[in-house]
Structures are given as structure tokens and as C-alpha cells.
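Here is the structure we will look at.
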Amino acid sequence: MHITQAKGSSPSKRSKRMGTTKPYSPIKDVHVQVCLNHNVESKASSGLEQKALLAGFPRFSSHEIDTSTEFLGKRLELPVLISPLTGGGRQSERINRNLAIAAKELGIGMAVGSQKPMLEGKARPDSYLVRKHGRSIPLLANLGLAHVRRGREYILKAIEWIEADGIILYVNPLQEMLQQGGEADYTGILESLDDMLEGFPYSRSK
Ligand SMILES: Cc1cc2nc3c(=O)[nH]c(=O)nc-3n(C[C@H](O)[C@H](O)[C@H](O)COP(=O)(O)O)c2cc1C
């Protein structure tokens, strides 16, 4: 697409004649010219134009909605979980304590960050021990999928040490492969997971 200056005298000549300085921005004229004279309509589709605009419009009172549910045998006021973030760092104890207190107050669930440092003696367990701040919350332990190779006892230890109701296994092979000291070997990992889950004393959810 080749854009040419709009016909007629140039804006700067006109400005001088009218004794003004730049009353209009020439590029704004070009924008209008482009829209008038070129095919600028996008053919890309978001798919949303095929939906009836009012299909999602509520026809009920929000007071009628019960957002509470049960998760891992515990009551949640909202089906929301604070995802695994930290553990084992200098500030982790304060952060996890505050998250646990917030989870209790809001009636939501919480997971601790990767327990690898704790299980390998590279960090004190204190920052993961948040059960005392929220007896009623669904609390989840956290390790990587690659850690299932370390055996059932390793995984169970992560759960039981912090009195969790279950465990989240994070699936981040690229990050692990790139980070120093990360897990590099994923051969046969899904088979190891299947083996570990055979008779695992916690129910499985996907
Ligand atoms: C600072 C930080 C630390 C994290 N640490 C962990 C972790 O230890 N274990 C884990 O499973 N995910 C960890 N995550 C990933 C988060 O739990 C979450 O999956 C990710 O931030 C994407 O979630 P979002 O789309 O809700 O932001 C971490 C994320 C951040 C930003």
C-alpha cells in the first residue's frame, strides 16, 4: 500500500497563508485518506461475532448464587485456590503465613511452594508449616512431576509433614531443564506416576 499526501495545497503552505502554525496534523489527514481510499477492513475473526450478544446476560439475582463447594473433604466458600508460590526463602514464612490467614478468612484453599528445598535439607521447614494458621482450609503440598521418581515415600512425606490434604505436582519441564539444578530427565516419568498412584492413599483429580 502506497500512501500519498492528500491533494490540494500542503498543510504547511496553508498554515502560512492563514498566519497560523500547524492547525492540523497532516498525518491525521492521511489516516482518514487511508480509511476512505484503501481496503482496511480486517478479515480476522475473534469468533465472538457469532455469539448472541445477550446470551451471557444474567437473568437471576446474584444473591441466589451459592459459590460454596467441597474440595478434598473441606468446605470452600469460593472455588478458588491460592496457587503454589513460595517456601524455603527468607521471606517465605511471612508470605505463607499471611496467605494461610487470608485463605482462612476468605474460605478458599492454598498450596505451598515447591517443597524440594525442605525435603532435601536446603531450607528449614518452618515456612511450609502453615496448618496452624488455617485448620479448616484445604491445604496442598507441592512438588514437581519429575519428583515422583524419588518414590512414594518422598511424595507422602511432602504431604504429611505439613498436614496437607493432598499435593499439586507441577509440570514445568522446560523451566526445570533451563534452571540451574533443575530436573533434566523426563524419560518414563508418566509410567512412574502411574506406578506411584497405584493404591496411593489420596484420591486423584486432574
Ligand atoms: C514467584 C513465583 C514462584 C512460584 N513458585 C512456584 C512453586 O514453587 N511451585 C509451583 O508449582 N508453581 C510456582 N509458581 C507458579 C504459580 O503457582 C502459577 O502457576 C503461575 O504463576 C501461573 O499462574 P497465574 O496464571 O495464575 O499467574 C510460581 C510463580 C511465581 C510467580
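Note down the relative contact order for region 67-197 as a percent, whole number, built from C-alpha pairs under 8 angstrom at least six residues apart.
21 percent
Report the number of Lys pairs in the chain whose alpha-carbons are under 16 Å apart, with separation of 8 or more residues or on distinct chains.
7
Testing the spin-label approximation: label points 7 Å from Cα along Cα→Cβ at Ser83 and Asn98. State their distance in nm.
Rounded to a tenth, the inter-label distance reads 2.0 nm.
Can you give the helix-only mean residue ellipticity at 222 nm for the chain, where every DSSP H stretch with n ≥ 4 adds -39500 (n - 2.57) and the sum goes over all residues, rounded to the nearest 500 deg cm²/dmol?
For the chain, the value works out to -8500 deg cm²/dmol.
Please report Ser127, Ser25 as a ranked list, fewest other C-beta atoms within 10 angstrom at the top and most at the bottom.
By the 10 Å Cβ count, ascending, the order reads Ser25, Ser127.
Order the peptides 88-96, 63-71, 159-167, 181-189 from the highest to the lowest mean number of other Cβ atoms within 10 Å of their residues.
My ranking of the peptides, most packed first, is 159-167, 88-96, 181-189, 63-71.
Sorted from fewest to most neighbouring beta carbons within 10 Å, what does the list Asp194, Asp29 look like?
So the ranking, lowest neighbour count to highest, is Asp194, Asp29.
Under the classification rounded if a/c is under 1.5, otherwise prolate if a/b is larger than b/c and oblate if not, where does region 117-206 fall, given a ≥ b ≥ c as square roots of the Cα gyration tensor eigenvalues?
Note, shape of region 117-206 comes out oblate.
Which ordering of Phe200, Phe60 is given by a fewest-first count of other beta-carbon atoms within 10 Å?
Ordered from fewest to most neighbouring Cβ atoms within 10 Å, Phe200, Phe60 come out as Phe60, Phe200.
Throughout, read-outs are computed from the coordinates displayed, never taken from laboratory work. Remember, predicted model here, so these are calculated numbers, not experimental data. Every residue, glycine among them, receives a Cβ derived from its backbone with ideal geometry; neighbour counts consider all protein chains shown.
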